[in-house]
Each structure stands twice: as structure tokens, then as C-alpha cells.
Amino acid sequence: MLKGRLGLETARVPHAERHGLLWLEKGKLYVQNGSLIFATIGTDTLKKGVYQIPFQTVSNILLAPGCTISHDALRLLAKHGTGLLVVGADGVRFYAASMPFGPDRSRLARNQVILWADEKRRMDVARHMYFLRLGEVLPHTTMDALRGAEGKRMKAVYQLLAKQYGVSWKGRRYDRTNPDTDDTINTAINHASSAVRAAAMIAVSMTTTIPQLGFIHESAGVAFALDIADLYRASVTLPVAFAAVKQAQKGGWEDIERLTRRMIGEKIRQGKVIPGMIDNIKELLNVADTDRNTQRS
């Protein structure tokens, strides 16, 4: 391991050669003798103990609930270009990020701007997103037509899941001014959607892409994250929501929010949803094509 306090700025390991992410929870992250140390009381995935963290070979560290971090640890991570994200359990919430903007972290963002600024290429990316969601290339060439076609297919998905899980379905609705009026399945969908959006924000932050520049969503400050979250609506968000309602009916759960968050968290973690989202971002922004003749900076 390279020395912590005495490590040279130019000694950073390129992110392309690092491991993707490291989850930490229920412990303290601090620096001791120039090394990054994590002391944990123990979790389901990590035994109680004191561990030395190989931060120079990890792209991002995710701090889950029950963690504290020292100022010195933040300084060390920033110096060596390791990202730090503060998240909820299993990535169902996104609270803050301290991301490195080092010499090898701008290509995806540059490509995103190039694709977003060109109307035709922006539509190409949007159509590719719908292909990833629906499994087919839609022939439509306007955003309104794409949204209309997607809406019809999603209605069929809702109906299929309702039949599969035996859950009553009366349509998608959500009153932002009075959320307590929603039925159980719509409440579960809302909580599942919130968790998947948080996972998408983690993926966007880890790739240092620009959350405001969406290709399908436009006005939201996290439009690109909403685009990425929607890639998983039919495969993750909705199935988990319907499954949570089914389990609540069978097991007598009263708190549908807690049950949905637990189930979606397990799906995000065990299904490696965040790494999948990162791969989707790289595929959509197609770095190799638009950055082929550009010097890395």
C-alpha cells in the first residue's frame, strides 16, 4: 500500500484499475499512522474488528447508517482521489457525496454534454434508454411519441404484475398534497421508486456525470438520475412493490413503507443494481465512440 500522509499526489492509482465500491456500516472510519482504518461493531457481512482499508485501490466508499468519519479520513480520501458517499441502508437513500475530480474523471461528463447538446444524438440516447427498458427498438422519432408508446407498455406491466401477485390494481395515482390517501400498492410503488432513485443518484455521483442533464426527463435537478432509475422500473421497482404488498397481506405487516424499503434494499444490494446502473451509464454515454480521438484529461 502507498503511504497515506506521505503519499505523492502523482501516485494515485487510475480509477480504471481500481475496484468499484466498498460498503461500510456500523463503525468508525479514521486515520492511524497514515493508514485508513475502519473499526466496526460487526454486521451481517463483516465481523466485528478493526480493518485497514485499501483506499488507494477502491474508487468509492459508501458509508451506510451507523458510521462516523474523521476529518483526517476525508482529507486522505480526497488527496488520493477516492470518492465517499453517505447513503441509507443498502443504498435506498442518498444523502451526500464527496467525489474526486481527478485527472481521469471527466470523460463521461464531457460525453454527456456532447450527446445532450446535439438534438439528434440526444434522441438517439433516449431511444437507447427505451430499448434497455422495453427490449425493443421503438420506431418513433419524437419524445412525445416515445413516451406515449412507453406508457401503453407500462400499463400492461402493471396489469401483469397485479395478476401475478394477486394484488388489486386500480391505476397509478399519487396526490403529493395528501399522500395518505393513496392505496397500499401505490404507497409501496412510491417508496420503491424513491429507493431506486437514490441508487441511481449514487451511480450518477460515482461516475461523476451531470445529474441535471437528462435525456428523457428534463426539468428536474436530478433528471439524469431519473432516466437511469426508470431503466429498472419494470425489472426492480414495480416487482418489489407488488411483492411487498403481497407479503404484507400474508404476514400482517402494517408498515408498508418499512417492508418495501427492506425488500428493495435487499434487491439493490444482492442484485448488484448500482454496479449495473454504472454499466448502463457507460454504455449510454458511449465514451469509446465520442472520445476516441480526444486526449484523456
If you take the residues in the range 57-87 that are small (Gly, Ala, Ser), surrounded by 17 or more Cβ atoms within 10 Å (Cβ to Cβ) and at pLDDT 90 or above, which one is farthest from the chain's Cα centre (by Cα)?
ALA73
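Residues are listed down the side, and each one gets a yes or a no for (1) buried (at least 20 other Cβ atoms within 10 Å of the Cβ); (2) touching a His at 6+ places or on another chain (Cβ under 9 Å); (3) in a helix (DSSP H, G or I):
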| site | (1), (2), (3) |
| --- | --- |
| THR141 | no, no, no |
| LYS152 | no, no, yes |
| LYS163 | no, no, yes |
| VAL167 | yes, no, no |
| ARG172 | no, no, no |
| ALA199 | yes, no, yes |
| GLN212 | no, no, no |
| GLU218 | no, no, no |
| VAL236 | yes, no, yes |
Can you tell me which residue within the range 92-113, out of those that are among the basic types (Lys, Arg) and part of a helix (DSSP H, G or I), is modelled with the lowest pLDDT?
ARG107
Looking at MET129, MET123, MET154, which one is closer than 30 Å to GLY83 by Cβ, assigned by TED's automatic domain parsing to the domain that holds ILE281 and at pLDDT below 95?
MET129
It is to be established whether one or more residues within the range 239-252 are in a loop (DSSP other than H, G, I, E, B) and either among the β-branched types (Val, Ile, Thr) or farther than 21 Å from ASP90 by Cα (or both).
yes
Sort through ILE228, ILE274 and tell me the only one that's under 10 Å from the mean Cα position of the chain (by Cα) and at pLDDT 95 or above.
ILE228
Report yes if some residue within the range 38-52 is buried (at least 18 other Cβ atoms within 10 Å of the Cβ), among the β-branched types (Val, Ile, Thr), free of Cβ contacts under 8 Å to residues at least 24 places away in the same chain and more than 19 Å from MET201 (Cβ to Cβ); otherwise report no.
yes
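The values are calculated or read from the model by the stated rules, or taken from the named source; none is laboratory data. Quick caveat: nothing in here was measured; it's all calculated off a predicted structure. Note that each Cβ is placed from the backbone with ideal geometry, even for glycine, and that neighbours are counted across all protein chains shown.
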